[in-house]
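Remarks on the structure that follows.
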Amino acid sequence: MEPRISSTPSAKDRPTKPSDRPAVLITGASGGIGRAISQAFGKIGWYVGVHYYRNKPAAEATLDRVLEGGGIGNSYHADIREAESVRRMVDRFSSCTSGPLALVCNAGIGQSELLVRHADEIWDNVIATNLTGTFHCLRAMAPSLLARGGGSIIVIGSHTGFHGATGQSAYATSKAGLIGLVRTAALEWGPHNIRVNLVLPGWQKTDLTEGIFPEQNGWLDHALRRPPVIDEVVSTIVHLAQLNDVSGQVWNCDSRNL
């Protein structure tokens, strides 16, 4: 797969060829937090893999933003609920560069249903996407990270995974499961220099929070009485991906207690 490269930077500013630069695969990069993360990595010269499942036009729009910022990358399709689909995506991605690799597991879906009314198929789909899908991504990426002497994995979690939320039983359960998955992977892969961390981005206006995003008086549980800005969240993720000595940690990006 030939990477797409922006034609806007001058020869002086153009990044090095994709074969020798760091590369990051970002799941759920069609919009929202995933798009912002993709742009940020592109701006610092990383090769960016933009994952999508159904919304290819939105993924291409994210990739266009990366290219407009002088970055390089390509889009990658996979159904993260299916292990083989993820394996094929990771193989295509990892073959694009020989430099350091990173993975940001951002893909996820929500639900809004009281526990006693919860349909089995909704529960199964949320768990399969948010928790099992992340497991598939970690497992598929591990061989490439091991072969290159380590790397970084960042999983996007949620405050809800620690405290629960009314009407969010499947979502909260899936995010709680990520805590154990991240800490176990960090312990198992730490001796091989693979760092695995969990980031809680706080409330962000995305498709996932449409209709439930708190308004003016909805921040009383936040010490700062406001949500975190997306730029600070993304900067934290990009910085964390480059730290060599941090693993198995939970990074909370807002002002609530865990």
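Considering helices alone, the calculated mean residue ellipticity of the chain at 222 nm is -11500 deg cm²/dmol, with DSSP H runs of length four and up weighted by -39500 (n - 2.57) and normalised per residue. Enter the angle in degrees (range 0 to 90, nearest 10) between the Cα long axis of helix 230-241 and the first principal axis of the Cα atoms of the chain, meaning the one along which they spread out most. Between the helix axis and the principal axis of the chain, the angle is about 60 degrees.
Peptides 59-68, 127-136: what's the order by average Cβ count within 10 Å, highest mean first?
Details: 59-68: 19.8, 127-136: 22.1.
Ranked from most to least packed, the peptides come out as 127-136, 59-68.
Counting Lys and Arg as +1 and Asp and Glu as -1 over every other residue whose Cβ lies under 15 Å from the Cβ of ASP124, the net charge comes to -4.
Looking at the chain as a GNM with Cα springs under 10 Å, which of VAL238, VAL48, VAL24 has the largest mean-square fluctuation? Among VAL238, VAL48, VAL24, the largest GNM mean-square fluctuation belongs to VAL238. When you count the other C-beta atoms within 10 angstrom of each residue and take the mean per peptide, 70-76, 118-124 line up highest first as 70-76, 118-124. Restricting the calculation to Cα atoms, the chain shows an Rg/Rh of 0.96 when the hydrodynamic-style radius is the Kirkwood one.
We did not get these values from a lab; they are worked out from the coordinates using the rules stated. Remember, predicted model here, so these are calculated numbers, not experimental data. Cβ: placed from backbone, ideal geometry, glycine included. Neighbour counts: every protein chain shown.
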